[in-house]
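Everything on this sheet refers to the single structure shown next.
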Amino acid sequence: MSNETLDLLIRSFPQLLLPMLKVTLPLTAAAFSVGLIIALVVAMIRVLEVPVLSQICKLYVWIFRGTPLLVQLFIIFFGLPAIGIRLDAFPAAVIAFSLNEGAYTSETMRAAITAIPRGQFEAGYTVGMNYFQIMRRIVLPQAFRVAFPPLFNELIALVKDTSLAASITVSEMFREAQKIAARTFEPFTLYCEVAVIYLIICTILTRLQVYGERRLSAHEKR
């Protein structure tokens, strides 16, 4: 590695780390949180098979799982202004990622809820609980334990997917790398550095996932 390349890596690192901390991670956290709420609502509606609403939820899941995330970003940011709806880049990205995440995660939550034995519901009704009390106190805590590994996998995937937000001018880490590469004419070096930073973040999250799974496993054995 030449001195020029090393100097570029050192100088660019804080310029890349700052948007990671200020934009990429908050975007991930916001989209995952909203997506999880959407997923929970959609999953419960589909498990209950609520007339009309269940069909709307199926349509929503079908559309957002069946179309590319990049296309969804473009429709929300570049397409909606055609019908009079204008959004700044960051809110548009949060909406697109949240809706996409909600569609995928709803299937995870629905599978986790249906994996809980029906006897749990019957036991709840026996002691006088209504459906929502049973879901809140009995079913959902167990369902979240079942869904924990795939949900964390979705979170890790979302961290990487946020790089697509650069395509709608969100000033996250990858877009900053593009700007630096355009000035320095060193795309290979900059993009490799970005890849390493993503790798570090995802490795930390993977370690947290393993730790969380061990804690849940230990809790279940008690």
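The values are calculated or read from the model by the stated rules, or taken from the named source; none is laboratory data. Quick caveat, the model's predicted, so the values are computed rather than measured. Note: ideal-geometry Cβ built from the backbone for every residue, glycine included; neighbour counts use all protein chains shown.
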Handout entry: Qualifying residues in segment 142-170 (those that are assigned to a helix (DSSP H, G or I) and of a type in the set (S, T, N, Q)) - the one nearest to LEU73 (Cα to Cα)
Key = SER167
Completion exercise
Counting only residues in segment 166-222 that are closer than 30 Å to GLN142 by Cβ and polar (S, T, N, Q), the one farthest from the chain's Cα centre (by Cα) is identified as SER217
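Residue-wise test of (1) loosely packed, with under 14 Cβ neighbours inside 10 Å; (2) at pLDDT 95 or above.
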site	(1), (2)
LEU164	no, yes
PHE174	no, no
ALA177	no, no
ALA181	no, no
PRO187	yes, no
GLU213	no, no
GLU220	yes, no
Exercise for the section: Report yes if some residue within segment 146-167 is touching a Phe, Trp or Tyr at 6+ places or on another chain (Cβ under 9 Å) and aromatic (Phe, Trp, Tyr); otherwise report no. Expected result: no
Fill in the blank from the handout: Contact list, first residue from segment 71-86 and more than 13 Å from LEU164 (Cα to Cα), second anywhere and among the hydroxyl-bearing types (Ser, Thr, Tyr) and modelled with pLDDT of 95 or more, beta-carbon distance below 9 Å, six or more apart or interchain, is ILE75/THR67
Exercise for the section: Restrict the check to segment 117-137 and report whether at least one residue is closer than 26 Å to LEU208 by Cα, surrounded by 12 or more Cβ atoms within 10 Å (Cβ to Cβ) and in contact (Cβ under 8 Å) with a residue 24 or more places away in the chain. Expected result: no
Practice task
Look at segment 97-123 and say how many of its residues are among the aliphatic types (A, V, I, L, M) and more than 19 Å from PHE152 (Cα to Cα).
Solution key: 2
Problem - Pairs, first over 18 Å from PHE174 (Cα atoms) in segment 196-217, second surrounded by 15 or more Cβ atoms within 10 Å (Cβ to Cβ) and β-branched (Val, Ile, Thr), C-beta under 9 Å, six or more apart - result: LEU205/ILE156; LEU205/VAL159; THR206/ILE156; GLN209/ILE156
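Residue under question is PHE64, and the condition is that it be of a type in the set (A, V, I, L, M, F, W, C) and crowded, with 21+ Cβ neighbours inside 10 Å; does it hold? Lay out the reasoning, then the answer.
Numbers: of a type in the set (A, V, I, L, M, F, W, C): yes; crowded, with 21+ Cβ neighbours inside 10 Å: no.
So PHE64 fails the test.
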Practice task
Determine if segment 46-53 includes at least one residue that is surrounded by 13 or more Cβ atoms within 10 Å (Cβ to Cβ), under 13 Å from LEU99 (Cβ atoms) and touching a residue at least 60 places away in the same chain (Cβ under 8 Å).
Solution key: no
Completion exercise
Among the residues of segment 73-106, the number that are surrounded by fewer than 18 Cβ atoms within 10 Å (Cβ to Cβ), under 17 Å from ALA31 (Cβ atoms) and among the charged types (D, E, K, R) is 1
